[in-house]
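The values are calculated or read from the model by the stated rules, or taken from the named source; none is laboratory data. All figures in this text were calculated on a predicted structure; none of them were measured in a lab. Cβ sites come from the backbone with ideal geometry, for glycine too, and all protein chains shown count toward neighbours.
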Amino acid sequence: MSFLTLDLNLLRVFDAVMTEQNLTRAAGHLAMTQPAVSNAIKRLRESLGDELLIRTAYGVKPTPRAEALWPAVRAALQSLEAAVMPETFDVSKAQATFRMAMADATAAYWLPSLMRSIESEAPGVNIRMVPLTTREPRPMLLRGDIDLAVGFFPGVAAQLSYETGSPIRHERLYSGQYVCVMRKNHPLAASKLDLDAYCKANHLLVSFSGRAHGLVDEALAQIGRERRILLTVNQFFTAGRVVANSDLITVLPKHLMVSTGMTESLIWRELPFALPAVHLDMLWHERDGRSPAHRWLRNNLENTAAVATAPKGERQAA
């Protein structure tokens, strides 16, 4: 093969297929038919002498040669795009609709600020919320079901930090702490919460899957203890309502207590055992990363996080 005779359009198709990990989605992104994309990949295979992409039940899997080639192709295409299409973006004239996935409490915490920004800065931007029923949102992003996921995704961000070739990008918005939440006149509210009293109480667990086991149970198992989970719910708002009107206790991220709508009826206590920090991460697909409107959306959430985590005096000034 001679580089002089290589059809560079094939590299653009290759980049789209690597990004989407699916021929049909790549075809839609390129405004091509699926057979045309397949033919382009076939020609590139013949030119490079490598299979490049292997079909699987879920799309295509790149070969080691494709994994090694893609970063250089991606960088070259981005450089060319920046040179021939200088970026001009006026958020006040932008027309865009974004599908976002968040848990109910996360949405209640972040959406008011985002809506104020849209109303004042970006009247042509629309938001469509999609239920988040998993701690693993990457399949939703890969399928194109959503444009952005915000939440607590244990292990996902850590995996993405060292994983090469993934089209999923991430950014940490916030780190906070878990606390034990109960009604204000709960029998355990009168004094410091100890481990025995905590384990003897009846518990509520917020579980998207309905599975009665979570991070708290893993932490308790490490010290030879366990608790009784009397109820699981899949919404933080529901959790707040139930706990405020019963003797059940629960564990919530401290910053999300306000999202229950029951802060006047609830109090929190430090947990009597160690629990890792809760991290709020933002995940998106690389195909959206270069969109100016998508960047504006991510920047808005970053700014909201900066205000939320600023010291009290600075937050008031902001």
### Task
Quickly run through region 8-39 and pick out the residues that are of a type in the set (V, I, T), surrounded by fewer than 21 Cβ atoms within 10 Å (Cβ to Cβ) and outside any loop (DSSP other than H, G, I, E, B).
T19, T24
### Query
Of the residues that make up region 21-37, is at least one over 27 Å from A149 (Cβ atoms) and either in contact with a strand residue (DSSP E or B) (Cβ under 9 Å, 6 or more places away or on another chain) or in contact (Cβ under 8 Å) with a residue 60 or more places away in the chain (or both)?
no
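Are there any strands (runs of 3 or more DSSP E) wholly within region 40-117 with 3 or more residues that are modelled with pLDDT of 90 or more and touching a strand residue (DSSP E or B) at 6+ places or on another chain (Cβ under 7 Å), and if so which?
Values: elements: 53-56, 59-62, 96-102.
Where strands (runs of 3 or more DSSP E) fall fully within region 40-117 and carry at least 3 residues being modelled with pLDDT of 90 or more and touching a strand residue (DSSP E or B) at 6+ places or on another chain (Cβ under 7 Å), they are 96-102.
Checking the structure you have, find out if any residue of region 262-273 is aromatic (F, W, Y), modelled with pLDDT of 85 or more, under 30 Å from V17 (Cα atoms) and out of contact with any helix residue (DSSP H, G or I) (no Cβ under 6 Å at 6 or more places or on another chain). So that I can check it myself, show each step before the final result.
Going through region 262-273, the residues aromatic (F, W, Y) turn out to be 268, 273.
Add one more test, that the residue is modelled with pLDDT of 85 or more, and what stays is 268, 273.
After this cut, where a residue has to be under 30 Å from V17 (Cα atoms) as well, the list is none.
Checked against the condition, which is being aromatic (F, W, Y), modelled with pLDDT of 85 or more, under 30 Å from V17 (Cα atoms) and out of contact with any helix residue (DSSP H, G or I) (no Cβ under 6 Å at 6 or more places or on another chain), region 262-273 yields no hits at all.
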### Selection count where residues are among the hydroxyl-bearing types (S, T, Y), surrounded by 11 or more Cβ atoms within 10 Å (Cβ to Cβ) and within 30 Å of D50 (Cα to Cα), scope region 63-118
1
### Task
Check off (1) within 30 Å of G59 (Cα to Cα); (2) of a type outside the set (G, A, S); (3) at pLDDT 85 or above for R135 and give me the number that stays unchecked.
(3)
### All positions within region 243-266 that are hydrophobic (A, V, I, L, M, F, W, C) and surrounded by fewer than 16 Cβ atoms within 10 Å (Cβ to Cβ)
V258
### Residue that is farthest from P131 (Cα to Cα), among those in region 146-157 that are at pLDDT 85 or above and over 9 Å from the mean Cα position of the chain (by Cα)
D147
### Task
From the list A101, A40, pick out the single residue that is closer than 30 Å to Q235 by Cβ and touching a residue at least 24 places away in the same chain (Cβ under 8 Å).
A101
